[in-house]
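Read-outs throughout are calculated quantities, based only on the coordinates presented, and are distinct from any laboratory measurement. Source: prediction; values computed, not measured. Here the Cβ positions follow ideal geometry from the backbone for every residue, glycine too, while neighbour counts run over all protein chains shown.
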Amino acid sequence: MRTTLIMAAAAAFLSGCAGMHGHGSGPSARAVLEPTRGNTAAGTVMFHTTANGVFMHARVSGLKPGQEHGFHIHEKGDCSSGDGMSTGGHFNPGGKPHAHPSSPDRHTGDLPSLLADAQGKADLRIAVQGPTIGSGATDIIGKGLIVHAMPDDYKTQPTGNAGARIACAVISAR
């Protein structure tokens, strides 16, 4: 009996912890970033459906130390070109302008920039509004995910002037 109570308490605690970190029980997705030709950026991005949108956790290495790097969901899940250009433009099913991720009037694929530390690593955890996982016009499954060489200025149309594509992934369901 006591063991059962301890196990139930542990399960409740762990369930509460998962909610605190933004991980929902809805659909989730994953993207494994690989460097484009001549680059070293690579990492993993997890996406989880929550009550507050999609929680995203990105861990990327091989970035330029101390610099911001543009980060976007692109319209095609195709990294075959070697330079990331086969992913097409930003994922924008609503036909909106490129803008900061906090703006409600923006591309669905506009994400916060990655900020590399002194070792060229970035760890971004954030809830984003707009993208969905597994259904609807804003579904990100099968879309491309790109890390850019430069910071996103959040105003140049349609790309944010973020430069070359240094890592590419295809977002897949988990």
- Query: What residue among Ala29, Ala42, Ala118 has the largest mean-square fluctuation in a Gaussian network model of the chain, using Cα springs under 10 Å?
  - Reply: Ala118
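Using the count of nearby Cβ atoms within 10 Å as a rough guide to exposure, how do Arg106, Arg125, Arg165 rank from fewest to most?
The order, fewest Cβ neighbours first, is Arg125, Arg106, Arg165.
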- Message: Can you show me the helix-derived [θ] at 222 nm for the chain, built from DSSP H runs with n ≥ 4 at -39,500 (n - 2.57) apiece and divided by the number of residues, rounded to the nearest 500.
- Response: -3500 deg cm²/dmol
- Spin-label point model (7 Å from Cα, Cβ direction): what's the Asp153 to Ser135 distance in nm? 4.1
- Message: Using a Cα-Cα cut-off of under 28 Å, which lysines could be cross-linked to Lys121, ignoring same-chain neighbours fewer than 8 residues away?
- Response: Lys64, Lys76, Lys143, Lys155
- Query: Among Gln129, Gln67, Gln157, which one moves the most in a GNM of the chain with springs linking Cα atoms closer than 10 Å?
  - Reply: Gln157
- Figure the gain on full extension for Ala51 and Ile126 (residue separation times 0.36 nm, minus the Cα-Cα span) and round it to one decimal in nm. 25.7 nm
- Query: In a shell of Cβ-Cβ distance under 12 Å around Ala42, excluding Ala42 itself, what net charge do Lys and Arg (+1) and Asp and Glu (-1) give?
  - Reply: +1
- Task: Within 10 Å of each residue's Cβ, count the other Cβ atoms and sort Lys143, Lys155 from fewest upward.
- Result: Lys155, Lys143
- Neighbours of Gly134 by Cβ distance under 15 Å: Lys/Arg at +1, Asp/Glu at -1, summed charge +2
